[in-house]
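Enquirer: Take this structure first; my questions come after.
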Amino acid sequence: MAKSTEIHLVKRPDGMPRETDFAVHERTVPDARDGEIQIQNLYMSVDPAMRPRLSKGQELNEPIGGPATGRVTQSKNPAFKEGDIVQHRLSFRQHLVSDGKGVTKLTPDPALPLTVYMHVLGNGGFVAYGGLLDIGKLKDGEQVFVSTAAGSVGSIVAQIAKVKGCRVIGSTGSDDKVAWLTSLGLDVVINYKKQPIRDALKQAATKGIDVYFDNVGGDHLNAALPRMNLLGRIPVCGMVSAYNNPGALSAPINTLSNIIYGRVMIRGFTADDFPHLRAKFTEDMTGWLKSGKIKYQETIVDGITNAPRALIGLLNGENTGKMLVKLAD
Ligand SMILES: NC(=O)c1ccc[n+]([C@@H]2O[C@H](COP(=O)([O-])OP(=O)(O)OC[C@H]3O[C@@H](n4cnc5c(N)ncnc54)[C@H](OP(=O)(O)O)[C@@H]3O)[C@@H](O)[C@H]2O)c1
């Protein structure tokens, strides 16, 4: 048996979540029975998409779900052995027992930190890669704009576009993040909290935009649409500006008609849309990571009881690169 601390949602947030919307619970996790495994979570992710689920989808008074990486501490399931590193979606808790469904074994490259499998080499990296190359049909040397460019997904999108010889404009919310993105080689970086995004983008996009990788929606999408080049593409990965107001965008879109004569394609997507790219993604991204062509940052918050603070911090833009919570060594 293992003592486990877990975080429950106790109140649906109104706008930005508060720490009082969450509660800490202690419980005893039983030993694994036949067919089961016990897992100790090592790291868990906090993601923007968790916010809409707090309004609808996530049960109250239950531990919150989300991506986590853990170690098998007991196994009575032949598919796993003690010490295996696994990934699953039962986060916001230290220990758990599972029948193995929804649990994937990871074979981490010993030359890389385990955490990269939660972003650059995980779902975030994969949506960046597939969204830009498959949905966005990026061609070498094109004009690219990416929003939340210093975040987990955005920073990878921006760097893949640089690998492909593109001119890259990024937007982000602090001067420190602007400095990091500039050091990565982005051509123009906009602090959207200091300048209206529409004016800044008009100035920056001197040759228009062929691909706008949208992580924000609202004001950023509204600003990008008039700048799109003929046959431009807008892969829509997320709309973080709307997540604290479920059902509403942060700003109205009144520039949509630009898609008509510009023949602009707008398409939403998830990681399920390009499974055929998985092997090539892993090969390319591992190579870029090891050669230093792709760099990353992590903002790591320590301890399960700080997980709500990490999620709130993410929505407030306190992360540079991937926001993670460390639960154990
Ligand atoms: N389609 C999929 O399968 C999929 C998978 C993963 C992620 N996503 C989406 O991709 C986007 C980025 O996710 P991520 O995990 O990489 O998160 P992230 O960018 O690492 O973190 C979220 C960032 O959003 C920015 N932000 C918050 N409120 C904003 C606002 N009103 N306007 C502009 N920016 C705002 C903040 O950065 P600033 O300091 O720059 O404001 C914050 O750091 C999200 O929309 C997410 O939902 C989609």
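The values are calculated or read from the model by the stated rules, or taken from the named source; none is laboratory data. This is a predicted model, so every value here is computed, not measured. Note: ideal-geometry Cβ built from the backbone for every residue, glycine included; neighbour counts use all protein chains shown. These accessible areas exclude ligands, DNA and RNA; they are computed on the full protein's heavy atoms, side chains included. Shrake-Rupley method; radii C 1.70, N 1.55, O 1.52, S 1.80 Å.
Enquirer: Hey, could you check the range 262-275 for residues that are part of a loop (DSSP other than H, G, I, E, B) and either among the β-branched types (Val, Ile, Thr) or open to solvent by 50 Å² or more (accessible area, probe 1.4 Å) (or both) and say which is nearest to the ligand (Cβ to nearest atom)? Even if it seems obvious, please write down each step before you answer.
Expert: We begin by selecting, within the range 262-275, every residue part of a loop (DSSP other than H, G, I, E, B); these are 262-264, 269-270, 274.
Subset that is either among the β-branched types (Val, Ile, Thr) or open to solvent by 50 Å² or more (accessible area, probe 1.4 Å) (or both): 263-264, 270.
Numbers: Arg263: 24, Val264: 19, Thr270: 4 Å.
Per the stated criteria, the residue is Thr270.
Enquirer: Could you look through the range 30-66, keep only residues that are touching an Asp or Glu at 6+ places or on another chain (Cβ under 6 Å) and assigned to a loop (DSSP other than H, G, I, E, B), and pick out the one that is surrounded by the most Cβ atoms within 10 Å (Cβ to Cβ)?
Expert: Glu36
Enquirer: Something else now. Residues of the range 293-323 being open to solvent by less than 20 Å² (accessible area, probe 1.4 Å) and more than 21 Å from Glu6 (Cα to Cα), which ones?
Expert: Ile294, Asn319, Gly321, Lys322
Enquirer: While we're on this one: Which condition breaks for Leu324 when tested against (1) touching an Asp or Glu at 6+ places or on another chain (Cβ under 7 Å); (2) aliphatic (A, V, I, L, M); (3) free of Cβ contacts under 8 Å to residues at least 60 places away in the same chain?
Expert: (3)
Enquirer: Same structure again: When you scan the range 70-85, do you find a residue that is in contact with a Pro (Cβ under 7 Å, 6 or more places away or on another chain) and surrounded by 13 or more Cβ atoms within 10 Å (Cβ to Cβ), even just one? Quick ask: steps written out before the conclusion?
Expert: As a first pass, look at the range 70-85 and keep what is in contact with a Pro (Cβ under 7 Å, 6 or more places away or on another chain): 85.
Adding the requirement that they be surrounded by 13 or more Cβ atoms within 10 Å (Cβ to Cβ) leaves 85.
Yes, some residue in the range 70-85 is in contact with a Pro (Cβ under 7 Å, 6 or more places away or on another chain) and surrounded by 13 or more Cβ atoms within 10 Å (Cβ to Cβ).
Enquirer: Continuing with this model, one more query. Looking for something open to solvent by 30 Å² or more (accessible area, probe 1.4 Å), within 17 Å of Lys295 (Cβ to Cβ) and assigned to a loop (DSSP other than H, G, I, E, B) - is there at least one such residue anywhere in the range 188-205?
Expert: For the range 188-205, residues open to solvent by 30 Å² or more (accessible area, probe 1.4 Å), within 17 Å of Lys295 (Cβ to Cβ) and assigned to a loop (DSSP other than H, G, I, E, B): absent.
Enquirer: While we're looking at this one, here's another question. Of everything in the range 230-261 that's of a type in the set (S, T, N, Q) and open to solvent by less than 40 Å² (accessible area, probe 1.4 Å), which residue is nearest to the ligand (Cβ to nearest atom)?
Expert: Taking the range 230-261 first, the residues of a type in the set (S, T, N, Q) are 241, 244-245, 250, 254-255, 257-258.
Then keep just the ones that are open to solvent by less than 40 Å² (accessible area, probe 1.4 Å); that gives 241, 244, 255.
Details: Ser241: 4, Asn244: 8, Thr255: 17 Å.
Per the stated criteria, the residue is Ser241.
Here's the yes/no breakdown for (1) away from the ligand (no atom under 14 Å from the Cβ); (2) over 18 Å from Tyr243 (Cβ atoms); (3) assigned to a loop (DSSP other than H, G, I, E, B); (4) hydrophobic (A, V, I, L, M, F, W, C):
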{"site": "Leu277", "(1), (2), (3), (4)": "no, yes, no, yes"}
{"site": "Glu283", "(1), (2), (3), (4)": "yes, yes, no, no"}
{"site": "Gly287", "(1), (2), (3), (4)": "yes, yes, no, no"}
{"site": "Tyr296", "(1), (2), (3), (4)": "no, yes, yes, no"}
{"site": "Thr299", "(1), (2), (3), (4)": "no, yes, no, no"}
{"site": "Ile312", "(1), (2), (3), (4)": "no, no, no, yes"}
{"site": "Gly317", "(1), (2), (3), (4)": "no, no, yes, no"}
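Enquirer: A further question on this structure: Identify, from the list Leu181, Leu114, Leu133, Leu121, the residue that is open to solvent by less than 30 Å² (accessible area, probe 1.4 Å) and touching a residue at least 60 places away in the same chain (Cβ under 8 Å).
Expert: Details: Leu181 fails: touching a residue at least 60 places away in the same chain (Cβ under 8 Å); Leu114 fails: open to solvent by less than 30 Å² (accessible area, probe 1.4 Å); Leu133 fails: open to solvent by less than 30 Å² (accessible area, probe 1.4 Å).
The conditions single out Leu121.
Enquirer: If Ala328 satisfies every condition in (1) within 16 Å of the ligand (Cβ to nearest atom); (2) not in a helix (DSSP H, G or I) but one, which is the exception?
Expert: Failing condition for Ala328: (1).
Enquirer: Give Leu221, Leu256, Leu249 a once-over and let me know the one that is of a type outside the set (Lys, Arg), at pLDDT 95 or above and either assigned to a helix (DSSP H, G or I) or within 27 Å of Phe126 (Cβ to Cβ) (or both).
Expert: Details: Leu256 fails: either assigned to a helix (DSSP H, G or I) or within 27 Å of Phe126 (Cβ to Cβ) (or both); Leu249 fails: at pLDDT 95 or above.
Criteria check complete, one pass: Leu221.
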